[in-house]
Amino acid sequence: MHIGKKIKEVLEQRRKPVTWLAREIDCERTNVYNIFSRKDISTGLLQKIGLILEYDFFNDLSKECFKDGKPKK
């Protein structure tokens, strides 16, 4: 999973602008666009964004790692 694309997708589903997320995580708008381009992200930042967007990104990541009940290598 490309976590940055997933964050962008959830932000769009919530119909929130990039500037809103930037204010919520206390950064510049350009940093949010940088987050969208990342394949991975720190767990602390992901947790913060998840709480703000009210979305469990960790659940999605876990599901991807354990497709068919087996760990993905």
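The values are calculated or read from the model by the stated rules, or taken from the named source; none is laboratory data. Bear in mind that the values here come from a model prediction, so they are computed numbers and not experimental data. As a convention, Cβ positions derive from the backbone with ideal geometry for all residues, glycine included, and neighbour counts pool all protein chains shown. For accessibility, only protein heavy atoms count, side chains too; no ligands or nucleic acids. Shrake-Rupley method; radii C 1.70, N 1.55, O 1.52, S 1.80 Å.
Kindly check whether there is at least one residue in the range 58-71 that is among the aromatic types (Phe, Trp, Tyr) and surrounded by 14 or more Cβ atoms within 10 Å (Cβ to Cβ).
no
When you look at Val18, is it open to solvent by less than 90 Å² (accessible area, probe 1.4 Å), modelled with pLDDT of 95 or more, farther than 26 Å from Cys65 by Cβ and more than 10 Å from the chain's Cα centre (by Cα), yes or no?
For Val18, the condition - open to solvent by less than 90 Å² (accessible area, probe 1.4 Å), modelled with pLDDT of 95 or more, farther than 26 Å from Cys65 by Cβ and more than 10 Å from the chain's Cα centre (by Cα) - is met.
Taking Arg23, is it at pLDDT 95 or above, under 23 Å from Ser62 (Cβ atoms) and open to solvent by 40 Å² or more (accessible area, probe 1.4 Å)?
no
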